[in-house]
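Presented below is the structure to which this report refers.
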Amino acid sequence: MPDTSASIEIPKRALFKAAEVCDIVKVQPYVLRSWESEFPELGVSKSAGAPRVYRRVDVEQVLRIKHLLLVEGLTLAGARRRLEEEAAPVAPDEPVIDELIGQNARERLTAVKRGLRSILDLLSGNGAGEEFRLRAGHRAKVSHKKTTGGKNGSRTRRR
């Protein structure tokens, strides 16, 4: 089936009625209604119960949907995915994470990663009889202490 969407001329108006959209796109009204249920962003209802009106971009979207379904052979779900992909913004040159947490994000993330790795090391080691301290902003240090018994108390000896 040839692509006829390029040869269709949309009148230069802001709003269209459903019947006008059907005439322009050459689809039956029930087809347009079914597409509205799959693509709820199509058409604008001025108030509850009022008939939907379509903007020029909606008519262009209906033409695009028709092309995807009839020419490219996609399903409604496939056409929806394709339109979502086409509408997705292109990633900017700079990573978004730098904007979210600052310019020195990599250094801060590396410090967090080191801290988490230290905690993991502490948790995976044999914790019996060990004492540890965490200092903010630095890699966690583990102090290993061994106690030697006495009658009234215990002495601590560093290993």
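The values are calculated or read from the model by the stated rules, or taken from the named source; none is laboratory data. Since this is a predicted model, take the numbers as computed values, not measurements. Please note: Cβ atoms are built from the backbone with ideal geometry, for glycine as well, and neighbour counts cover all protein chains shown.
Please state which one of Arg106, Arg114, Arg81 is loosely packed, with under 15 Cβ neighbours inside 10 Å, part of a helix (DSSP H, G or I), touching an Asp or Glu at 6+ places or on another chain (Cβ under 9 Å) and modelled with pLDDT under 90.
On the way: Arg114 fails: touching an Asp or Glu at 6+ places or on another chain (Cβ under 9 Å); Arg81 fails: touching an Asp or Glu at 6+ places or on another chain (Cβ under 9 Å).
None of the other options fit; the residue is Arg106.
Assuming Ile101 fulfils every condition listed in (1) touching a Ser or Thr at 6+ places or on another chain (Cβ under 9 Å); (2) modelled with pLDDT under 85 apart from one, which condition is it?
The failed condition is (1).
Mind checking whether some residue in the stretch 23-30 is in a loop (DSSP other than H, G, I, E, B), surrounded by fewer than 17 Cβ atoms within 10 Å (Cβ to Cβ) and modelled with pLDDT of 80 or more?
First, pick out the residues of the stretch 23-30 that are in a loop (DSSP other than H, G, I, E, B): 26-28.
Retained after the next criterion (residues that are surrounded by fewer than 17 Cβ atoms within 10 Å (Cβ to Cβ)): 26, 28.
Next, only the ones that are modelled with pLDDT of 80 or more stay: 26, 28.
Checked the stretch 23-30: at least one residue is in a loop (DSSP other than H, G, I, E, B), surrounded by fewer than 17 Cβ atoms within 10 Å (Cβ to Cβ) and modelled with pLDDT of 80 or more.
Could you list, in sequence order, the residues of the stretch 25-37 that are under 16 Å from Leu70 (Cα atoms) and either outside the structural domain of Leu83 (by TED's automatic domain parsing) or not aromatic (Phe, Trp, Tyr) (or both)?
Val25, Lys26, Val27, Gln28, Val31, Leu32, Ser34 - these are the residues of the stretch 25-37 that are under 16 Å from Leu70 (Cα atoms) and either outside the structural domain of Leu83 (by TED's automatic domain parsing) or not aromatic (Phe, Trp, Tyr) (or both).
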